[in-house]
Structures are given as C-alpha cells and as structure tokens.
C-alpha cells in the first residue's frame, strides 16, 4: 500500500487538510489518531451536567488532534492503522450520539451504512488502480466535517433531521459518483487486482 493510498483512505475533509498544511507533515499520524480515539471515547462516556453533553465537543478535539497529521507522509511501519482508527472514531461517534439523542435506530444504521459503503468503495477502487475524484472527497465533508455537522445539529436539537439529511445527501453524492466512475472506467477498462498481483 502506497503513501498516497493511505492518505486517500483517511478521507480527510477541508478542515483536517488545512490543519495538515499548517503542521507541514510533522505530526505522526498513529499517535495522533490514538489520542483522538481515546479522548473521543472519554467524552462519549461523560454524562451531561446541566449543560450540553460533553460528547458534542468530541469532534473539535478529534479534529485538533488528528487533523494536523493529515499531511504526514504516512511512511511509518504502523501508520496504516491511522485510517481505520479514524473510521472507528467517526462510526462510533455517530452511533453513540444518535442513540443518546433519540435518533431512530434505522436512521443511524442508514447513515453509518452509507459511510461504510463509501469507504469500501474507496478501498476497492484504489486496489484497482482507480482514485476517487478529489471534488467528491471535498463535497463529502471528510470524517471531521460529518462529525462537526452532527455535533452542531445535536446542540440545536435537530439531530434526527440532520442524520436524515446527511444520509440522503451523502447517499446521492457517493452513490452517483461511484456508479458513474465504475461505469465509465479508465483507459482500456482492464482492472488489475493489486493483491493478486503481489501474490
């Protein structure tokens, strides 16, 4: 797996990339991702005490910790773990926040399923030598943008509507772009399975 592939798998949004440019690739991705995951988990377990739930501030903490590592070359021996940790942070956050604020279980499931299919598409496409369009990754808001959107909606009491809107928007965006990309193909249309090639 190449460095470029790992950075695509991160699914960073504009905010994370901006922090990465500021850090100039100096922050190692794995410790940053582990710290973001640990603090997010702690904030998700803290009960609200008369004010907004601490979980609503987890996206900002996760962004400030993991975002600056987005520009790192990801050339460390265990840096491949950073993207799946980011997935765990995002899926876990959206699930716990949704259930805590009485979003219907099917709606939470649909949103996370849309994201999981998008991430599977990214992984499978890069294995076939195809890269997702840059514009669709930006339009998808990135892992941090989606978490921040959910947090703002949670603060305003509109989380069920926000989950429905986000699931619909991302489903159309990712689904349409993926369908067009796979239908169009590239070059001769010959796809190479990199895993089989390596074997």
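Miscellaneous remarks
- R0 of 41 Å, Cβ-Cβ distance residue 64-residue 183: FRET efficiency to nearest 0.05: 0.55
- Using the Cβ-Cβ distance between residue 24 and residue 131 with R0 set to 22 Å, the FRET efficiency from 1/(1 + (r/R0)^6) comes to roughly 0.40.
- When shorter helices are ignored and each DSSP H run of at least 4 residues is given -39500 (n - 2.57), the per-residue value for the chain at 222 nm works out to -22500 deg cm²/dmol.
- Computing Rg and the Kirkwood Rh from the Cα coordinates of the stretch 3-198 gives a ratio, Rg/Rh, of 0.99.
- Label point distance in nm, residue 138-residue 57, each placed 7 Å from Cα along Cα→Cβ: 3.2 nm
None of the figures in this text is laboratory data; all of them are computed from the coordinates on show. Since this is a predicted model, take the numbers as computed values, not measurements. Cβ sites come from the backbone with ideal geometry, for glycine too, and all protein chains shown count toward neighbours.
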